[in-house]
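Data block below; observations after.
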Amino acid sequence: MKNYFAHETAVLDEGCRISDGTRIWHFTHVMAEAVVGKNCVLGQNVMVANRVTIGDNVKIQNNVSVYEGVTCEDNVFLGPSVVFTNVINPRAFIERKHEFRPTLVKKGASIGANATIVCGHTIGQYALVGAGAVVTHDVPDYALVTGNPARQTGWVSEYGYRLRFDNNSKAVCPESGQTYQLINNQVRRIK
C-alpha cells in the first residue's frame with residue numbers, strides 16, 4: 001500500500017523507494033534506484049537519478065535535477081532550479097560515468113535558487129548557500145556562502161539567521177535563542 005502522494009503526471013520507475021508522507025508533484029521523475037525519505041516534497045519538474053538518496057523532510061523546489069552521486073541528508077532545502085553536477089570535465093563524446101564524484105548535502109543545509117554545486121564537495125550541516133552561488137569547494141557547518149565562486153561571508157544559526165559573535169566568540173539566534181560558539185574558525189551549537 002502506498003502512503004505517499006504522486007501527481008498523475010509524475011513518473012516513478014519500478015524499484016524506486018518512496019517513504020510515507022512524501023508528496024511528488026507534476027512532471028517529476030524518480031528513477032529506479034533512487035531512495036526518497038519520509039515527508040519529503042518534490043516540486044514540479046524534479047528529477048531524482050539512480051543511486052541518489054534523499055533523507056527525511058527534504059524539500060526540493062521546482063526544476064531541480066538531483067544527479068547520481070548526490071546524497072541529501074534529513075531536513076535539506078533545495079531552492080528552485082538548483083544545479084548539481086557529477087563529472088568535472090564532461091564531454092558529449094566521452095563516457096565518464098566511472099568518474100562521478102559524490103556530493104553530500106548534510107543535515108539541515110539550505111541551497112538557494114539557481115545555485116550551482118560542482119561535484120565532489122560537501123555542504124556542511126545547517127550551511128546556507130546563497131541564491132546564484134557557484135560552490136567549488138567544501139562548505140563548513142553553519143557557513144553562509146555567496147557569489148561566484150562562492151565565498152564564505154558569515155555564519156548562520158540552525159534557523160538560518162546570521163550570527164553576530166561577541167568578544168567571547170558567542171552568538172545567540174534571535175528566533176530560537178540557541179547559543180553558538182566560534183572556535184578555530186568552526187561554529188558549534190552550545191546545548
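Just so you know, all these numbers are worked out from the coordinates, no wet-lab data involved. Just so we're clear, the structure is a prediction, and the values are computed from it rather than from any experiment. Quick reminder, even Gly has a Cβ in these numbers, built from the backbone with ideal geometry, and neighbours come from all protein chains shown.
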Item to check | the chain - percent relative contact order, Cα under 8 Å, separation 6 or more | outcome: 10 percent
Checklist entry - Can you tell which of His121, Asn184, Asn57 lies farthest toward the positive end of the dipole of the chain, using +1 and -1 charges on the Cβ of basic and acidic side chains (Lys, Arg; Asp, Glu)? => result Asn184
Next on the checklist: Checking the a/c ratio against 1.5 first, then a/b against b/c, what shape does the Cα gyration tensor give for region 5-162?
Outcome noted: oblate
Checklist entry - Counting Lys and Arg as +1 and Asp and Glu as -1, each charge on the Cβ, what is the dipole of the chain about the Cα centre in debye, to the nearest 20? => result 460 debye
Next on the checklist: Suppose R0 equals 45 Å. What FRET efficiency, 1/(1 + (r/R0)^6) with r the Cβ-Cβ distance, do Phe5 and Asn167 give to the nearest 0.05?
Outcome noted: 0.30
Item to check | Long-range lysine pairs (8 or more apart or interchain), region 38-191, Cα under 26 Å | outcome: 11
Item to check | From phi via Karplus (6.51, -1.76, 1.60), per-residue ³J(HN,Hα) for region 121-127 in Hz, x at Gly/Pro | outcome: 10, 10, 9, x, 4, 6, 5
Next on the checklist: Show me the ranking of peptides 44-51, 90-97 by mean Cβ neighbours inside 10 Å, starting with the highest.
Outcome noted: 44-51, 90-97
